[in-house]
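The values are calculated or read from the model by the stated rules, or taken from the named source; none is laboratory data. Every value quoted in this text rests on a predicted model; they were computed, and no experiment measured them. Cβ placement follows ideal geometry from the backbone for every residue including glycine, while neighbour counts extend to all protein chains displayed.
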Amino acid sequence: MNLLIHDLPVLYERIIPKSARRDTAIIATDSGSHAIHACKGCFDCWVKTPAHCDIRDDYADMGRLLAACARLIVISRCCYGGYSPFVSRVLGRSLAYVLPYFVTRNGEFHHPGRYDNSPDFKAHLYGQTTAREQETARKLVERNGVNLLLSNVEVHFYATADNIGAVLA
């Protein structure tokens, strides 16, 4: 299964063809879901209700959803070298994907994975950006890949969302 997180006002047919959608879970600003709340840092998803966020909205099981995917695809407006607020909140709610303990990887402290899964990660960022914003975004995507144990991390930049081609074959 693919997991697509996007902030596009409409889902463009050429970006996600209907034939590819049957194997794709889509989290979008236009999905009609309730508002997403930001992670409040309570760590209940680690301690009190493992792998399940205690915030009562449609995003309480982001860790499990991430664990079930083979590919994570993010389409987001690039905001000052980061993701859009919606995409940032969705990814922030994925904390339950990792365990609260620490391990050393490549000389750095990181959380170990809760699940035996390492999905591919492709980030497609659009909007007018400076070279510095693109460098910041590249580092952010790479660090997300390290922290969430993601594989084959790629980041692509586009002047507008209209320039994004098909992200799923």
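Counting the residues of the stretch 150-164 that are closer than 28 Å to ARG114 by Cα, of a type outside the set (Ser, Thr, Tyr) and free of Cβ contacts under 8 Å to residues at least 60 places away in the same chain gives 4.
Scanning the stretch 89-115 for residues that are surrounded by 15 or more Cβ atoms within 10 Å (Cβ to Cβ), within 18 Å of SER151 (Cβ to Cβ) and not β-branched (Val, Ile, Thr) gives LEU91, SER94, TYR97, HIS110, HIS111, GLY113, ARG114, TYR115. For the stretch 65-114, the set of residues classified as touching a residue at least 60 places away in the same chain (Cβ under 8 Å), more than 17 Å from ARG143 (Cβ to Cβ) and out of contact with any helix residue (DSSP H, G or I) (no Cβ under 7 Å at 6 or more places or on another chain) consists of LEU65, ALA68, CYS69, ALA70, ARG71, ILE73, ILE75, ARG77, SER84, PHE86, listed by residue number. Which one is nearest to the chain's Cα centre (by Cα), of the residues in the stretch 58-87 that are modelled with pLDDT of 95 or more and among the aromatic types (Phe, Trp, Tyr)? Top of the filtered list is TYR83. Filter the stretch 116-169 for residues that are part of a loop (DSSP other than H, G, I, E, B), surrounded by fewer than 16 Cβ atoms within 10 Å (Cβ to Cβ) and touching a Gly at 6+ places or on another chain (Cβ under 8 Å); which is modelled with the lowest pLDDT? It comes out as THR160.
For the stretch 1-35, the set of residues classified as at pLDDT 85 or above and not in a strand (DSSP E or B) consists of MET1, ASP7, LEU8, ASP23, listed by residue number.
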